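The values are calculated or read from the model by the stated rules, or taken from the named source; none is laboratory data. As the structure is a prediction and not an experimental result, all values here were calculated from the model. Cβ: placed from backbone, ideal geometry, glycine included. Neighbour counts: every protein chain shown. To get the accessible areas, we keep the full protein, side chains included, count just its heavy atoms, and leave off ligands, DNA and RNA. Shrake-Rupley method; radii C 1.70, N 1.55, O 1.52, S 1.80 Å.
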Amino acid sequence: TPVVSANCKSGPSEILENDKYGILVPVADFEALANGILKLLGDHNLRRQYSKKALEKVKEFDSKKIAKVYENFFLEILD
């Protein structure tokens, strides 16, 4: 699913990598949010591109991968 997100303090810009994986709009800018949604609705190729990119990006958040990151982190602390 293509994403349109408000660019709040932490999270969206890192995850979406400044529009590489979705559209970022300023916080509380409802017009920009609406325009981002309309942009996706009006451009089939852009929707498909962001959908494909989302499938790539979501792999970074696989539960087994994240669990391994935490496991390694805590093992380093205990050593």
Residue-normalised accessible area of the chain, given per residue in Å² at a 1.4 Å probe: 77
Mean Kyte hydropathy of 0.0 or more with a Cα span along the axis of at least 15 Å, helices from DSSP in the chain: 30-42, 63-78
Förster-model FRET efficiency, 25 Å R0, Ser10 and Arg47, C-beta, rounded to 0.05: 0.40
222 nm mean residue ellipticity, helices alone, for the chain (DSSP H n ≥ 4; -39,500 (n - 2.57); rounded to 500): -19000 deg cm²/dmol
Long-range tail of P(r) for the chain (Cα pairs > 16 Å, %): 59
Nitroxide proxy distance, nm - points 7 Å out along Cα→Cβ at Asp29 and Glu60: 2.2
Carbon and sulfur %, accessible surface of the chain computed with the full protein complex present, 1.4 Å: 59
Lysines with Cα under 18 Å of Lys57, excluding same-chain neighbours fewer than 8 positions away: Lys20, Lys65, Lys68
Positive-end residue of Leu46, Gly36, Ala6, charge dipole of the chain with Cβ unit charges: Leu46
